1. How about segment 16-108: which trypsin sites (Lys or Arg not before Pro) there lie in a loop by DSSP and see at most 13 other Cβ atoms within 10 Å?
2. May I ask for the net charge around Arg431, where only other residues with Cβ less than 11 Å from the Cβ of Arg431 are counted and Lys, Arg are +1 while Asp, Glu are -1?
3. Post the alpha-carbon centroid distance, segment 54-122 to segment 298-344, in whole angstrom.
4. Could you work out how much longer the chain between Ala157 and Ser228 gets when fully extended? Use 0.36 nm per residue separation minus the Cα distance between them, nm to one decimal.
5. Using the heavy atoms of the protein chains and a 1.4 angstrom probe, tell me the accessible area per residue for the chain in square angstrom.
6. Could you work out how far apart the two model spin labels at Arg347 and Leu173 are, taking each label as a point 7 Å from the Cα in the direction of the beta carbon, and quote it in nm?
7. With the crude spin-label approximation of a point 7 Å out along Cα→Cβ, what separation in nm comes out for Glu210 versus Ile120?
8. Taking K and R as +1 and D and E as -1, what net charge do the other residues with C-beta under 15 Å from the C-beta of Phe39 add up to?
Amino acid sequence: MTDMTDQELEIRHIDSTLYNDDLAPIKKRDRNWGWFEIFNVWSNDIQSLFGYTLAASLFISYGLNGWAVMAAIILAGFVVMVLVNLTGKPSVKYGVPFPVMIRSSMGVRGANFPAMLRAIIGIFWYGVQTYFASTAVALLITALIGDPGGSWLGMSAVGWVSFVIVWIFQMALFWQGIERIKHFLNWAGPMVYVVMIALMLIVWFQAGSELLPAVSTIFSGSSEYEGSAIGAFLAITGTMIAYFAAVVINFGDFTRFVKSEKQMKLGNLLGLPLNVAFFSFIALIITAGTLALFGETLTNPSDIIERVDSLPLTIIAAVTFFAATVGINLVANFIPPAYDLANLFPRRISFRIGGLITAVVAFFVGALWVSVISQIGIAGFVNALGAVVAPFYGIIVVDYYLVKRQRLNIQDMFSADPDGAYYYLKGWNKRAIGAFALAAMFSISSVWVPALEALGGYAWLIGAALGGLFYYLLMKGQRQPVTAHS
């Protein structure tokens, strides 16, 4: 298997219903991402307000020994690393984003189906995370000038001003293109670490000799969780895997910019198991410190900063958590829908226009989050959609590695010729749709059927495995088209 040359990545016959400059393969000479950029994709993904709260709460929710919790979190990092190495590799080779890569299995038209499901999930959570990022800005404004009061649709005046500031900031950043986003992620990721370590040292210093006994309290575990220790270990691992699932499917949206597969793998190793372990350790020490200082375990960074009561720390922390939450928003919820919408109507929607549509729709989601959306259980619906897209992971991986044997015809990925390798039946691969439908029935059941709740975060993994298995069985015996490149 040889690498693609820039000449081979040049699309010779352009079909405007399948091609625009943003979807086209990125030439090797134009790629400038290395391991550090990939590391920062993961840094920004875990280091949000939600990511910290999740890591901290895992130490106290399951009654497990702290070392076992650390081991479960690190294991999840290794599992996700393996998963993204598999989905990232084809985009390193061919330079195309997720909605183009999935044309190989779903068909050149059928690819719009998974792309649109992924776009809906991304747009929804983009709006919600914009709201959460605005709470960090509100914390900053209130610390500096106080809160004038007043409330509309569940948000204060400061809350609304903060929300609009964050929305405009993200839009301005995105409008300047992927290079500027890369620079922002490269700054935000390390910056969060600096502040988290500073917060840890402050808490450590203030707690003094009481810190280590508090750590040992957390490390000895408690008996509140009713399940078995093995069950708790698996639940923690599954929860962390599910946390990263959104980026796992469309990781090719980022690896298409990477110079080599070696750089991608190094970035994933440093950014997942090692980064997650270090970040979780910081979360553990701070959580133990809050137990020593305040007599209770606080898992929300905003609550901790409020209690520590230091204006410089409040300002720095607010800026940092704002940066980190904007970072995860761009990685998990903004870039994917921008590509997915561009794939729908390449002639009319560019990556930029796709991003603009995402931002406008997400504005209303975020603005109505407190007063309406969080109250009506729509998050459960979107979680169900998240489970539904899991089979596509299995389909992509099995198609590329087992069915197509890592050999794709890049020209046919942009061709609506009925004789093309990925045209199937009117642009749709009905076998892939069948595999998805069968696996998705399980995925939905895992969210909505109480008896299957015991599977915890593993529903995503099982849905992905079933999607791959059904696809492999349905595609067996299908004559595979000869590819132009090996």
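1. Details: sites: Lys27, Lys28, Arg29, Arg31, Lys93, Arg103; in loops: Lys27, Arg31.
Here no trypsin sites (Lys or Arg not before Pro) fit, given the DSSP loop and packing criteria.
2. On the way: positive: Lys430, Lys476; negative: Asp399.
Within the 11 Å Cβ shell, the charges total +1.
3. 20
4. 20.8 nm
5. Values: 19450 Å² over 486 residues.
Ligands and nucleic acids excluded, the figure is 40 Å² per residue.
6. Distance between label points: 3.5 nm.
7. Spacing of the two 7 Å Cα→Cβ label points: 5.1 nm.
8. Details: positive: Lys182, Lys259, Lys262, Lys265; negative: Glu37, Asp45.
Overall, the nearby charge balance is +2.
The values are calculated or read from the model by the stated rules, or taken from the named source; none is laboratory data. Computed from a prediction, not measured in an experiment: that's the story for all the values here. When we count neighbours, we look across all protein chains shown, and the Cβ atoms used for this are built from the backbone with ideal geometry, even at glycine. What goes into the accessible areas is simple: the full protein's heavy atoms, side chains included, and nothing from ligands, DNA or RNA. Shrake-Rupley method; radii C 1.70, N 1.55, O 1.52, S 1.80 Å.
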